[in-house]
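Engineer: Dropping the structure in here first, questions after.
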Amino acid sequence: MQQTSINFEQGYALSPSASSRKTLKERIQSAKSSVNKWLDTKSEFYSRIAEFEVTRRVAFRIGIVLPIAMVVAAACVEQAPLVTVAAMAVSGWLVYRLNQDEKGGER
């Protein structure tokens, strides 16, 4: 067997150049932009089920947030009326936003 060695110049492989470093604010904005871009892309799975174009953001609202709010409202109806009202308000707001997005309204 023949051994191979790898030689690195000092500092080259360990740290990027000073001009390519990003500030924390730029990294956060970049991550936020990336997440928003991902959420606004078409969800193939839900689009096939619904037979119309569904974004990942809408699928997330319908599949996760709305059922959680409705379950919290149902579970708290006798024990905590204020939590029930808040959960119902969140559910209603989500349905309103979904309808507004469907009609092409502004956010």
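Engineer: Do you know which residues across segment 74-95 are under 30 Å from GLU53 (Cβ atoms) and open to solvent by 30 Å² or more (accessible area, probe 1.4 Å)?
Structural biologist: Taking segment 74-95 and keeping what is under 30 Å from GLU53 (Cβ atoms), we get 87-95.
Correct list: MET88, ALA89, VAL90, GLY92, TRP93, VAL95.
Engineer: Next up: Looking at ALA75, ALA69, which is the one that is within 25 Å of ASN36 (Cα to Cα), among the small types (Gly, Ala, Ser) and at pLDDT below 85? Walk me through it before giving the result.
Structural biologist: Working: ALA75 fails: within 25 Å of ASN36 (Cα to Cα).
Among ALA75, ALA69, only ALA69 is within 25 Å of ASN36 (Cα to Cα), among the small types (Gly, Ala, Ser) and at pLDDT below 85.
Engineer: If we scan segment 5-24, do we find a residue that is modelled with pLDDT of 85 or more and out of contact with any Phe, Trp or Tyr (no Cβ under 8 Å at 6 or more places or on another chain)? I'd like the intermediate steps shown before the answer.
Structural biologist: At the first step, the residues of segment 5-24 found to be modelled with pLDDT of 85 or more are 23-24.
Then drop every residue that is not out of contact with any Phe, Trp or Tyr (no Cβ under 8 Å at 6 or more places or on another chain), which leaves 23-24.
There is at least one residue in segment 5-24 that is modelled with pLDDT of 85 or more and out of contact with any Phe, Trp or Tyr (no Cβ under 8 Å at 6 or more places or on another chain).
Engineer: Of these, ARG27, ARG56, ARG48, which one is closer than 20 Å to VAL95 by Cβ and not small (Gly, Ala, Ser)? Walk me through how you get there before you give the answer.
Structural biologist: Details: ARG27 fails: closer than 20 Å to VAL95 by Cβ; ARG48 fails: closer than 20 Å to VAL95 by Cβ.
After applying the criteria, what remains is ARG56.
Engineer: How many of the residues in segment 39-92 are of a type in the set (Val, Ile, Thr), farther than 19 Å from LYS103 by Cα and not in a helix (DSSP H, G or I)? Steps first, please.
Structural biologist: Restricting attention to segment 39-92, the residues satisfying the condition of being of a type in the set (Val, Ile, Thr) are 41, 49, 54-55, 58, 62, 64-65, 68, 71-72, 77, 83-85, 90.
With farther than 19 Å from LYS103 by Cα added as a condition, the list becomes 49, 64-65, 68, 71-72, 77, 83-85, 90.
Filter again for not in a helix (DSSP H, G or I), leaving 77.
Residues that pass the stated criteria total 1.
Engineer: Return only the number of the condition from (1) within 21 Å of the chain's Cα centre (by Cα); (2) open to solvent by 40 Å² or more (accessible area, probe 1.4 Å) that LEU98 does not satisfy.
Structural biologist: Of (1) within 21 Å of the chain's Cα centre (by Cα); (2) open to solvent by 40 Å² or more (accessible area, probe 1.4 Å), only one is false for LEU98: (2).
Engineer: OK, next. Applying the selection to segment 42-73, what residues are touching a Lys or Arg at 6+ places or on another chain (Cβ under 6 Å) and open to solvent by 40 Å² or more (accessible area, probe 1.4 Å)?
Structural biologist: Within segment 42-73, just GLU53 meets the criteria.
The values are calculated or read from the model by the stated rules, or taken from the named source; none is laboratory data. These numbers come from a predicted model, not from an experiment. Cβ coordinates were reconstructed from backbone atoms using ideal geometry, including for glycine residues, and neighbour counts include every protein chain displayed. Keep in mind that these areas ignore ligands, DNA and RNA; they rest on the heavy atoms of the full protein, side chains included. Shrake-Rupley method; radii C 1.70, N 1.55, O 1.52, S 1.80 Å.
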